[in-house]
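Read-outs: derived from the displayed coordinates by stated rules, not from any lab. Keep in mind it's a predicted model, so treat the numbers as computed, not measured. Note: ideal-geometry Cβ built from the backbone for every residue, glycine included; neighbour counts use all protein chains shown.
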């Protein structure tokens, strides 16, 4: 039991740290990095929630599926959080893998705010 609580708290801590890393990257005008870190903040927040239910996933895709099944479809969290996840995942892929990602300051700020809202909401549950 203590180990499970440690894992959950570790994911929560990582979610907060990635949010801060996203903000620092944005401040440094590293927009692609900001978006990537924002996505990972959301990812770790989902991992914390799923761990609380004893659900372990092996991939980002599976994590999103389990999050939607256990929290969105049940009405525990609003649908907009599924939409935030989709948007962050898609743009994170572009920011991480495209040679010239189409990302600007406005988009990075919006996605950081979305990631912040997501993490705050999930860590309240």
*For the chain, what does -39500 (n - 2.57) per DSSP helix run (n ≥ 4), summed and divided by total residues, give at 222 nm, in deg cm²/dmol to the nearest 500?*
-25500 deg cm²/dmol
_Spacing of the two label points (7 Å from each Cα toward its C-beta) at residue 59 and residue 106, in nm_ = 3.6 nm
*Can you tell me which of 44-56, 97-109, 65-77, 16-28 comes out highest on packing, and rank the rest after it, using the mean Cβ neighbours within 10 Å?*
44-56, 16-28, 65-77, 97-109
*asked:* Can you give me the distance in nm between label points at residue 69 and residue 90, each placed 7 Å from the Cα along the Cα-to-Cβ direction?
replied: 2.4 nm
*Could you give log10 I(q)/I(0) at q = 0.10, 0.19 Å⁻¹ for the range 2-124, computed by the Debye formula over C-alpha point scatterers of equal weight, without solvent?*
-0.28, -0.97
*residue 121 label point, 7 Å along Cα→Cβ, cut-off 20 Å on backbone N: hits in the range 86-108?*
86-92, 107-108
_Label-to-label distance, nm, for residues given as residue 16 and residue 99 (7 Å Cα→Cβ offset)_ = 4.2 nm
